[in-house]
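The values are calculated or read from the model by the stated rules, or taken from the named source; none is laboratory data. Note that the coordinates shown come from a computational prediction; the quantities given were computed from them, not determined experimentally. Please note: Cβ atoms are built from the backbone with ideal geometry, for glycine as well, and neighbour counts cover all protein chains shown. What goes into the accessible areas is simple: the full protein's heavy atoms, side chains included, and nothing from ligands, DNA or RNA. Shrake-Rupley method; radii C 1.70, N 1.55, O 1.52, S 1.80 Å.
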Amino acid sequence: MSLEEITGLFDLTRVQKNPAIFDIAKLAWMNRTYINKTAGDTLVDKSRMFFADAGLVPAQLDSGTRSWLAQVIELMKTHVDHLDQLPAQMGIIFGFETSPPGIEPAVRELLKKPEGQAVAREFARLVEEREVLTAETYREIVAQVKAATHQKGRNLFHPIRGR
């Protein structure tokens, strides 16, 4: 709609006297939805400075770094409500801890059961068979583990993720 059309539809008698409500949770949901629907290469331009300020990428990106960052953003964008959260969410890519992460108690219990052990073994076997792991191959591996072990939900994902 043009500004003229919007102006023509405005009628002061339809304005409510109730105060406006600013819903932060709904705003976060709307922003998350926008981020998820936007391509990673478009989000590079909008989030590049957050990565540069965190010291993770140079302020001026060459084409190779830009392309790589777009792919990484595409993988991680579903985990954030705001673009400034992307650098912290990508700690798994930009930084590695010297000790392995802890396994949560509930997952530890799942791994004691034969079903949990079967999921973990099958996942490890399929990962070993691949030379390159991508988001798509990860999804394929998880689907194969699900088919082989007949596990789903937390019984499938918790032994794989450790959470």
Contact order normalised by length for the chain, with contacts defined as Cα pairs under 8 Å and 6 or more residues apart; what percent is it? 20 percent
Could you tell me the accessible area of S2 in Å² (1.4 Å probe, neighbours in place), rounded to the nearest ten? 40 Å²
Determine, at each q value in 0.11, 0.12, 0.23, 0.27 (inverse angstroms), the log₁₀ of I(q)/I(0) that the Debye formula gives when each Cα of segment 65-150 is one equal point scatterer. -0.44, -0.53, -1.20, -1.21
Could you please put F94, F22 in sequence from largest to smallest accessible area, using a 1.4 Å probe? F22, F94
Would you kindly calculate the translational diffusion coefficient of the chain, applying Stokes-Einstein with the Kirkwood radius from alpha carbon pairs, for 25 °C and a viscosity of 0.890 mPa s, and quote it in µm² s⁻¹ without decimals? 124 µm²/s
Could you look at segment 1-60 and say what percent of its accessible area is carbon and sulfur, using a 1.4 Å probe and all protein chains? 60 percent
With every protein chain kept in place and ligands, DNA and RNA left out, what is the accessible area per residue of the chain? Probe 1.4 Å, answer in Å². 73 Å²
Once segment 3-47 is represented by equal point scatterers at the alpha-carbon sites, with solvent omitted, what log10 I(q)/I(0) does the Debye formula produce at q = 0.15, 0.31 Å⁻¹? -0.72, -1.02
The correct ranking of H82, H158 by accessible area at 1.4 Å, largest first, is H82, H158
Rounded to the nearest 20 Debye, what is the dipole magnitude of the chain about its Cα centre when Lys and Arg each give +1 and Asp and Glu each give -1 at the C-beta? 740 debye
Cβ charges +1 (Lys, Arg) and -1 (Asp, Glu), total dipole of segment 77-148, debye: 260 debye
Determine the order of V119, V127 by accessible area, beginning with the largest, at a probe radius of 1.4 Å. V127, V119
Please name whichever of S63, M30, L126 sits farthest to the positive end of the charge dipole of the chain, dipole taken about the Cα centre and charges placed at Cβ: Lys and Arg +1, Asp and Glu -1. L126
Expected 222 nm ellipticity per residue - DSSP helices of 4 or more, -39500 (n - 2.57), all of the chain, to 500: -19000 deg cm²/dmol
Would you mind counting up the charge near Y138? Only other residues with Cβ under 15 Å from its Cβ, with Lys and Arg at +1 and Asp and Glu at -1. -2
